[in-house]
1. Among all residue pairs at least 6 apart or on different chains, which show Cβ distances below 9 Å where the first residue, located in segment A:1-13, is within 20 Å of residue A:228 (Cβ to Cβ) and the second is open to solvent by less than 70 Å² (accessible area, probe 1.4 Å) and assigned to a loop (DSSP other than H, G, I, E, B)?
2. What about residue A:48, is it in contact with a helix residue (DSSP H, G or I) (Cβ under 8 Å, 6 or more places away or on another chain) and open to solvent by 30 Å² or more (accessible area, probe 1.4 Å)?
3. Exactly one of (1) part of a loop (DSSP other than H, G, I, E, B); (2) within 19 Å of the chain's Cα centre (by Cα) is unmet by residue A:36. Its number?
4. State the number of residues belonging to segment A:93-134 that are within 22 Å of the chain's Cα centre (by Cα) and open to solvent by less than 10 Å² (accessible area, probe 1.4 Å).
5. Provide a single number: the residues in segment A:103-141 that are modelled with pLDDT under 95 and under 25 Å from residue A:5 (Cα atoms).
6. Please find, among B:72, B:106, the residue that is facing chain A (nearest Cβ under 10 Å), among the aliphatic types (A, V, I, L, M) and within 28 Å of residue A:244 (Cα to Cα).
7. Give the number of residues within segment A:162-186 that are within 21 Å of the chain's Cα centre (by Cα) and surrounded by fewer than 20 Cβ atoms within 10 Å (Cβ to Cβ).
8. Residues in segment B:27-70 that are among the β-branched types (Val, Ile, Thr), out of contact with any Leu (no Cβ under 6 Å at 6 or more places or on another chain) and assigned to a strand (DSSP E or B): how many?
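The values are calculated or read from the model by the stated rules, or taken from the named source; none is laboratory data. Nothing here was measured: the structure is a model prediction, and the numbers come from that model. Reconstructed Cβ throughout: ideal geometry from the backbone, glycine too, with neighbour counts over all protein chains shown. Just so you know, the surface numbers come from the protein's heavy atoms only, side chains and all, with ligands and any DNA or RNA stripped out. Shrake-Rupley method; radii C 1.70, N 1.55, O 1.52, S 1.80 Å.
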Amino acid sequence: MARTLKDLRPVYIVGIGWHPYQNPGPTPYVTLGVTAIRAALADAAIEWPAVESAYVATALLGMAVGRPMLRHLGATGLPIAHIENASASGSTAFRQACIEVASGISDVALAVGVDKRNPVRRESTGIDALAEDAIAQFTHFSLLTNEYAHRHGVSFEDIARVAVKNHRNGAKNRNAQRQKERTLDEVLGGKRVAGSLTALQCTPVGEGAAAAIVASEDGIRRLGLDASRAIRVAGSTARSERVYPAGQGFDAVLTKETAGLALQEAQISARDLDIIELHDAFTVEELHYIENIGLCPEGQGVHLLKEGALEIGGRCAVNPSGGLIAMGHPIGPTGVGQIGEIVLQLRGEAGARQHRGARTGLAHMVGVGAVCYIHLLQKA
Amino acid sequence: MDALLKPSLYTPAATLLGGRCACGHVFYPMQTHGCEVCGRHGGDLQPMTLSGRGTLLSSTVVHLHADKARPAPFSIGKIALEEGPVVRTLLVDPAPSIAPGTAMKATLVPVEDGKRDLRFAPER
C-alpha cells in the first residue's frame, strides 16, 4: 500500500442526515434518499450545487437508481457512481467519497445510502454447493454462536444481552427501526430462527436512507462552514477475506486485520476508542468484533458487556445508535448511518444517547464476500 | 442403486469430489476457475477424492427457513474435512446434540424423486 487516507489531504465530515429506518412499506426510494440528503445539506448549511460528486450505495434496488433520485435536488451534472458491496455498501461509498476529497479531485463529496427490502439476486459462480441454499445468514451466525459459546464457555443468555443493550439504545433513537426496550426474557422468549438465535437477536432488514457530506479544508473555508462541528476522518481501511486455517472463521480474523490497519493509520490504540458502531446483525457478532478490534482478549467480551463497559456512559459505548439489531440494517444506508451516529456523538449532539466526552469513534462493517471496512473519526 | 442428487459433488461411495492445486492447496468442490491460494488455474488444478471424514466444528438446528422446498426444522453442520477444506451442509436428521470435536462421516440418504443426497452424521 503506497499511501493511506491519512497521508493525503485531511477530510472532514460536515453534514449528516437520515430518512428514518423503517419496516418495508410503500415509500418510494427517491423519497427516502432525498430526505436524507436534504437533512445532510441542512446540517452542513450548504446548498446542493456545492456538492461536486456523489456516491450512491445500494444493494437491493437494481441498476442505475442514483440519477433518477438525485435529479430532484437539481440536475447539476455532478459525477455519480453507484456502489454495491453487500452490507458494506454504505461504508464503501463513504470511503470512496473520502478518497476523492483527500486526493484533491473534489472539495465536497456526498455518500448516500438508500435501499428498500427486495430479494437478493446473486449470479451462480458455476460451482455447485452441497446445501448453501439451506444456510441463511442467521444460520451462519447460529453456527458461530454455538462455536463461540462452546469455545469460551459462555451461555446463550449472556450472548443475548447484546440485544438487550442495543434495543435499549435504539429506544432513544428516533431514526431507529426498532425503538422499544426489551428485557432479557423478551429477547430470549421470541421466535427462534436457528439454534439459540431469536428474532430480537437478529437485525430487522427494512428500508431507509443515510447521507454524509465530506469536505476538504479548502472546501470548508470556501463555503464558510462551521469548522467546530466538522469531524476528521482519521483512518479508512478495507480488506477482503483470505484463506485461513480450518476452524479459524473469517468473521473474526478479517475484522482483526482491518481494524489493526486502521488503528495503525490513525496512530491510536483500541483503548482510545470512546464509540464503536459495528456490524451486529446478530448478537454474537458484537462480541467477536469488539474482541478483534482489541477492546479485550478473545472470549472476554461478555464480561465487558455484563459490567456495563459497553453501555453509553461506560468505558466505550458500543452501538449507541442501537446498532443493526435496533437501529436497523437497510443494507445500502447502514454504513453511512454509522458514520452519522459517530459524528453526532463526537459533536456532543446525540441527546439522550450522548456518551459524554466522546472524542474518538470507530465504524466497522462487514459484508458478504467477505469484505471489511473500518473508519476512524476524531473530533478536530 | 438410486441416482445421486448432485453427482458433480460426491460419489455413490459418499466420498467428496474435491481438488488439489499444484501449490498443495486442497479445496472442495472441484473447480478449474483458479486456486484461492495462488491463482494457478486450468490443468494445475486436479481432481482429488476426499474421504468424507472430518471433525465437527459447530452445528445448529434451523427452526425457520424461507424456502418451502426445505421445510424446517433441519440441522446444519460445519465440518473440517481431514484433507483440509471446511464444508457446511445438512446433517442426518433428526440430529442429536453433537459436540464440536466429534468425528463425522458423510453418508447418502434418500431424498425426493428417488434420489440420494449427501449428509453428515457422527462416525460410528
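1. A:9/A:104; A:9/A:216; A:10/A:216; A:11/A:216; A:12/A:216; A:12/A:225; A:12/A:230; A:13/A:230
2. So residue A:48 does not fit the description; no.
3. Of the numbered conditions (1) part of a loop (DSSP other than H, G, I, E, B); (2) within 19 Å of the chain's Cα centre (by Cα), the odd one out for residue A:36 is (1).
4. 14
5. 0
6. Residue meeting the stated conditions: B:106.
7. The qualifying residues number 6.
8. Going through segment B:27-70 one residue at a time, the tally reaches 4.
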